[in-house]
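Before I ask anything, let me first share the structure, which is written out below as structure tokens.
The values are calculated or read from the model by the stated rules, or taken from the named source; none is laboratory data. The structure presented is a predicted model; accordingly, all values stated were derived computationally and were not measured. Counting neighbours? That spans all protein chains shown, and the Cβs are built from the backbone with ideal geometry, glycine included. Calculation scope for accessible area: heavy atoms of the full protein, side chains included, ligands and nucleic acids excluded. Shrake-Rupley method; radii C 1.70, N 1.55, O 1.52, S 1.80 Å.
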Amino acid sequence: MKPDLGGRIALLRRRRGLTQEQLAQELGVSAPAVSKWETNHSCPDITILCPLARALGTTVDTLLQFEEEPDRQEIARKVKEIVETGREEGWEKAERLLEEWLHQYPSSASVKFNGSGILALFDIMFPEESQKKREEWKEQRKKLLRFLSCSGDESYRHRALHDMAMLELQEGQLLEAEKLLEEIPREEIDTTLLKTRIYLEKGQREEALKLLQEKLYTVLAQAHNYMIMMTGEKITPDSEKALEIGKICHGFEKLFGGRFGMGLGILMELYMRLGKKEEALDVLEEYVKQIVKEAEPLNSVLFSPGVTMEKGRPATTKEMRHMFLQGLQTEKSFEDFREDPRYQEAVKTLEESLKGSL
């Protein structure tokens with residue numbers, strides 16, 4: 001049985017991970033008002049239907065029609081059925097199945113987006129089909145994407161804008177493609193590859209290269225952070241395995257250079273966790289030498305000219321060196337090191353760097 005309006009509001013609110021209070025705050029109403037809607041003791045005012053639909057990631061039509069939304073499993077099954085039907089029985093029957101599915105869920109953003117993907121697959125699966133039919137699939141796909149670009153569901157709206165830009169690019173409409181990509185928040189969808197292709201089509205090779213280098217640096221920085229987190233005892237309790245990850249992390253830093261630091265510090269901690277004092281002291285010596293000098297340059301083959309680093313910039317700030325020095329001098333884990341000449345030399349080097357002598 002399909003839910004009533006109140007049930008629909010409650011269902012969509014929970015799917016969005018919102019409390020009644022959060023939804024109320026977003027709409028500028030009281031939490032009790034939202035509670036009354038959901039229990040069908042009152043209905044939202046007509047003036048609030050549009051912002052309510054947007055807040056719930058749906059459309060007014062869907063909200064008022066109480067249309068069911070298929071779950072992910074159902075969508076996956078249907079996509080598989082249509083694609084396999086196309087492979088085994090031809091595009092005509094697969095196309096009919098798709099049309100029936102779209103008709104069954106006329107306002108579903110997820111069905112329309114997956115339907116668009118199926119139409120793109122038809123073009124790949126049936127390359128021998130007539131140009132007229134393939135143009136029909138493309139136009140139908142554009143129609144679905146245009147609908148989604150006006151959807152209250154921002155996730156599907158942004159993905160639709162991305163795919164619309166890709167189609168515009170394929171047709172040589174560079175300005176239209178750029179305009180569409182400008183509407184997509186950077187944090188929502190990675191538009192790097194499409195923007196790179198646009199630069200190349202415009203003959204702007206340097207801009208394309210810089211864009212790729214900037215994105216590569218961002219992705220590598222994230223990967224570096226993930227590796228560091230993986231060495232943590234709570235995530236990788238097997239210390240030997242954590243040490244191997246630490247070695248990979250340090251190798252990563254040597255390969256890419258520059259701001260990818262901390263690997264030696266992590267290695268030192270991992271050797272200490274394993275009780276390997278001599279190895280930890282070896283790394284401590286190397287680590288202190290690294291953090292008191294100028295930062296290593298970035299790998300120029302991969303990052304120049306897109307990502308630059310200030311020349312002469314120290315590898316670490318004085319604040320970071322001061323914190324590390326305090327740790328060496330006060331933490332119990334270093335007690336067994338304090339009589340060792342290498343430990344004492346490392347402490348001395350850090351103290352001198354903080355005085356500005358290095």
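Hey, among the residues in the stretch 24-64 that are open to solvent by 30 Å² or more (accessible area, probe 1.4 Å) and on the phi > 0 side of the Ramachandran plot, which one's modelled with the highest pLDDT?
By that ranking, first place goes to G28.
May I ask you to verify whether L194 is assigned to a helix (DSSP H, G or I), open to solvent by less than 20 Å² (accessible area, probe 1.4 Å), of a type outside the set (K, R) and under 30 Å from V60 (Cα atoms)?
Details: assigned to a helix (DSSP H, G or I): yes; open to solvent by less than 20 Å² (accessible area, probe 1.4 Å): yes; of a type outside the set (K, R): yes; under 30 Å from V60 (Cα atoms): no.
No, not satisfied.
Can you pull out the residues in the stretch 326-350 that are outside any helix (DSSP H, G or I) and within 39 Å of the chain's Cα centre (by Cα)? Give the steps one after another, and end with the answer.
We begin by selecting, within the stretch 326-350, every residue outside any helix (DSSP H, G or I); these are 331, 338-340.
Once the filter is applied, which keeps residues that are outside any helix (DSSP H, G or I) and within 39 Å of the chain's Cα centre (by Cα), the stretch 326-350 yields only E331.
Taking the stretch 207-248, which residues are among the polar types (S, T, N, Q), out of contact with any Pro (no Cβ under 9 Å at 6 or more places or on another chain) and in a helix (DSSP H, G or I)? Can you show your working first?
Step one: of the stretch 207-248, the residues among the polar types (S, T, N, Q) are 213, 218, 222, 225, 231, 236, 239.
Of the ones still in play, those that are also out of contact with any Pro (no Cβ under 9 Å at 6 or more places or on another chain) are 218, 222, 225, 231, 236, 239.
Selection gives T218, Q222, N225, S239.
Would the stretch 312-328 turn up any residue that is in contact (Cβ under 8 Å) with a residue 24 or more places away in the chain and among the acidic types (D, E)?
The answer is no; no qualifying residue exists.
Do we have L284 as surrounded by 17 or more Cβ atoms within 10 Å (Cβ to Cβ), over 30 Å from R205 (Cα atoms) and in contact (Cβ under 8 Å) with a residue 60 or more places away in the chain here? Don't jump to the end; show me each part of the working.
On the way: surrounded by 17 or more Cβ atoms within 10 Å (Cβ to Cβ): yes; over 30 Å from R205 (Cα atoms): yes; in contact (Cβ under 8 Å) with a residue 60 or more places away in the chain: yes.
For L284, the condition - surrounded by 17 or more Cβ atoms within 10 Å (Cβ to Cβ), over 30 Å from R205 (Cα atoms) and in contact (Cβ under 8 Å) with a residue 60 or more places away in the chain - is met.
Scan the stretch 184-192 and give yes if some residue there is of a type in the set (S, T, N, Q) and over 18 Å from the mean Cα position of the chain (by Cα), otherwise no. Write out each step before concluding.
Taking the stretch 184-192 as the starting set, the residues that turn out to be of a type in the set (S, T, N, Q) are 191-192.
Cutting the leftovers down to over 18 Å from the mean Cα position of the chain (by Cα) gives us none.
For the stretch 184-192, residues of a type in the set (S, T, N, Q) and over 18 Å from the mean Cα position of the chain (by Cα): absent.
Moving to a separate point now. Out of the stretch 1-15, which residues are loosely packed, with under 14 Cβ neighbours inside 10 Å and either under 24 Å from S155 (Cα atoms) or within 34 Å of the chain's Cα centre (by Cα) (or both)?
Residues of the stretch 1-15 loosely packed, with under 14 Cβ neighbours inside 10 Å: 1-4, 14-15.
Answer for the stretch 1-15, where residues must be loosely packed, with under 14 Cβ neighbours inside 10 Å and either under 24 Å from S155 (Cα atoms) or within 34 Å of the chain's Cα centre (by Cα) (or both): P3, R14, R15.
Being more than 24 Å from the chain's Cα centre (by Cα) and touching a residue at least 12 places away in the same chain (Cβ under 8 Å), is that true of even one residue in the stretch 229-238?
yes
A follow-up question, please. Just one of the numbered conditions (1) open to solvent by less than 40 Å² (accessible area, probe 1.4 Å); (2) of a type outside the set (S, T, Y); (3) over 30 Å from F337 (Cβ atoms) is not true of E206; which one?
(1)
Quick check on my filter: what residues within the stretch 249-263 are in a helix (DSSP H, G or I) and either out of contact with any Gly (no Cβ under 9 Å at 6 or more places or on another chain) or open to solvent by less than 20 Å² (accessible area, probe 1.4 Å) (or both)? Step through it out loud before you land on a result.
Initially, the stretch 249-263 is screened for residues in a helix (DSSP H, G or I), giving 249-256, 263.
Hits for the stretch 249-263 are C249, E253, L255, F256, G263.
Considering only residues that are basic (K, R), outside any helix (DSSP H, G or I) and either more than 30 Å from D336 (Cα to Cα) or open to solvent by less than 80 Å² (accessible area, probe 1.4 Å) (or both), which ones fall in the stretch 287-325? Before the answer, list the steps.
Kept after step one, since they are basic (K, R), are these residues of the stretch 287-325: 289, 293, 311, 313, 318, 321.
Subsequent filtering for residues that are outside any helix (DSSP H, G or I) retains 293, 311, 313.
Selection gives K311, R313.
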